[in-house]
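Enquirer: Have a look at the structure that comes next, please.
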Amino acid sequence: MEGNDYFPPDSLKREYFTDSPTKSLCPWKGVARSYSVSVDGVTSPDAAWYYPHPSPLAHRIRNHVAFWNGVTIEGPREKKPTAQSR
């Protein structure tokens, strides 16, 4: 969505995430909450965000997490669902 990959909440390794008080507002998705991400003793503040209560237009990304601030995602890429598999 908008060039960001959103990951399902159950795909995260929660030990790397810390809740952040930072919030941001997208005019059409709603209010995003942030996580700081810590790996090997290095913390990237507010490097991940999610929408706990997105607008109806963005309901599919509810609680899914996107990243920025130099975060690299490792692992195999999952196939996007097709119209037949939904």
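The values are calculated or read from the model by the stated rules, or taken from the named source; none is laboratory data. The model shown is predicted, which means the values in this text are computed figures rather than measured ones. Counting neighbours? That spans all protein chains shown, and the Cβs are built from the backbone with ideal geometry, glycine included.
Enquirer: Test of understanding: among G75, G70, which residue is touching a Ser or Thr at 6+ places or on another chain (Cβ under 9 Å), at pLDDT below 95 and under 15 Å from N4 (Cβ atoms)?
Expert: Working: G75 fails: under 15 Å from N4 (Cβ atoms).
Going through G75, G70 in turn, the sole match is G70.
Enquirer: Here's a follow-up. Here is a list: S85, S55. Which entry is polar (S, T, N, Q) and either touching a helix residue (DSSP H, G or I) at 6+ places or on another chain (Cβ under 6 Å) or modelled with pLDDT of 90 or more (or both)?
Expert: Working: S85 fails: either touching a helix residue (DSSP H, G or I) at 6+ places or on another chain (Cβ under 6 Å) or modelled with pLDDT of 90 or more (or both).
Going through S85, S55 in turn, the sole match is S55.
Enquirer: Within the range 15-23, does at least one residue satisfy the condition of being surrounded by 12 or more Cβ atoms within 10 Å (Cβ to Cβ), at pLDDT 90 or above and in contact with a His (Cβ under 8 Å, 6 or more places away or on another chain)? Steps first, please.
Expert: So in the range 15-23, the residues surrounded by 12 or more Cβ atoms within 10 Å (Cβ to Cβ) come out as 16-18, 20, 22.
With the extra rule that they be at pLDDT 90 or above, the set shrinks to 16-18, 20, 22.
If we keep only those that are in contact with a His (Cβ under 8 Å, 6 or more places away or on another chain) as well, we get none.
No, every residue in the range 15-23 fails to be surrounded by 12 or more Cβ atoms within 10 Å (Cβ to Cβ), at pLDDT 90 or above and in contact with a His (Cβ under 8 Å, 6 or more places away or on another chain).
Enquirer: Just to be sure I understand, how many residues within the range 56-66 are free of Cβ contacts under 8 Å to residues at least 40 places away in the same chain and part of a strand (DSSP E or B)?
Expert: So the count comes out to 1.
Enquirer: If the requirement is being part of a strand (DSSP E or B) and modelled with pLDDT under 95, which of these qualifies: S34, S38?
Expert: Working: S34 fails: modelled with pLDDT under 95.
Sole residue among the options that is part of a strand (DSSP E or B) and modelled with pLDDT under 95: S38.
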